[in-house]
Amino acid sequence: MEKTDNLGVREMLLTSAIGDSPRICQEMYLRFALFLMVDVLMLVPTAWADSYAYNDVSTGVIHLTDRPLSNDYELLLKSPAELVSGNETKLNQSKMFLSRGVRRKELEGLVAAASHQSGVQPELLHAVISVESDYDQNAMSSKGALGLMQLMPETARRYGVSNRRDPAENLMGGARYLAYLLAIFNQNVKLAVAAYNAGENAVIKYGYQIPPYKETENYVKKVSVLYEQYRKSLIQ
């Protein structure tokens, strides 16, 4: 049974049918409450906040709530933000992953068409799109790159892209640019990807090696990992 008091605190009441020993009941009830709470949160992860429990041995009722109503309540679970480190919680990462998967499916046809016309593997296109824009056709960088493949104005003009926000045009322009980079770097994917980020002249300047720019080095690593994952069909 669930109830809400005047303060808006959500409380779940669980009635017990176990014996009368307060110590044994307390341990068993709280373990049961923890397992129940975990099951509920796996089904409704967006509702996950701090969770507290109190076993009232006089009535045989377990009280579960998101805020302690007295000193008798014990903390069962911490919210995701307090369980994980970094800038994003696991919950947010899960949401992002699911959202990315939906957007990727919507663009499968356009990516396949761009791959067919340019000769660039669809897995590589997906990897670049993932890192460049996370499948957001309206994504814009601080430097002015725009769209799924984050085309700069000069690159768009070079490959006949009139509307960088148009997914089909943007994809085709980026795919043709990648095909060009792969050709001049002898189908070396990492060098082509590095050139996509830093420009082909930077790769040539550093002796046909990945330029020693932190941004470019990280970019190549991210794209390479996703490329291999897409090739092995680890991301659906």
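The values are calculated or read from the model by the stated rules, or taken from the named source; none is laboratory data. Owing to the predicted nature of the structure, the values given are computational and were not obtained by experimental measurement. In this analysis, Cβ positions are derived from the backbone assuming ideal geometry, glycine residues included, and neighbour counts consider all displayed protein chains. The accessibility values were calculated without ligands, DNA or RNA, using every heavy atom of the protein model including side chains. Shrake-Rupley method; radii C 1.70, N 1.55, O 1.52, S 1.80 Å.
Brief remarks on what is shown
- If only residues of the range 181-201 that are farther than 17 Å from Glu123 by Cα and free of Cβ contacts under 8 Å to residues at least 12 places away in the same chain are counted, the one that is least open to solvent (accessible area, probe 1.4 Å) is Gly199.
- Selection of first residues in the range 113-140 that are farther than 16 Å from Ser224 by Cα and of second residues that are open to solvent by 40 Å² or more (accessible area, probe 1.4 Å) and among the polar types (S, T, N, Q), restricted to Cβ pairs under 7 Å at least 6 apart or on distinct chains, gives the following pairs, ordered by first then second residue: Ser115/Gln121.
- Taken over the range 102-136, the criterion of being in a loop (DSSP other than H, G, I, E, B) and buried (at least 19 other Cβ atoms within 10 Å of the Cβ) is satisfied by Val120, Ser133, Tyr135.
- The condition of being over 24 Å from His116 (Cα atoms), open to solvent by 30 Å² or more (accessible area, probe 1.4 Å) and assigned to a helix (DSSP H, G or I) holds for only one of Glu215, Glu228, that being Glu215.
- Residue list for the range 137-152, restricted to those being surrounded by fewer than 23 Cβ atoms within 10 Å (Cβ to Cβ) and among the aliphatic types (A, V, I, L, M): Ala139, Met140, Ala145, Leu146, Met152
- Among the residues of the range 153-175, the ones that are crowded, with 19+ Cβ neighbours inside 10 Å and either assigned to a helix (DSSP H, G or I) or among the charged types (D, E, K, R) (or both) come to 11 in all.
- Selection of the range 203-236 for residues being under 19 Å from Ala179 (Cβ atoms) and either free of Cβ contacts under 8 Å to residues at least 24 places away in the same chain or among the charged types (D, E, K, R) (or both) yields Val203, Ile204, Tyr208, Arg231.
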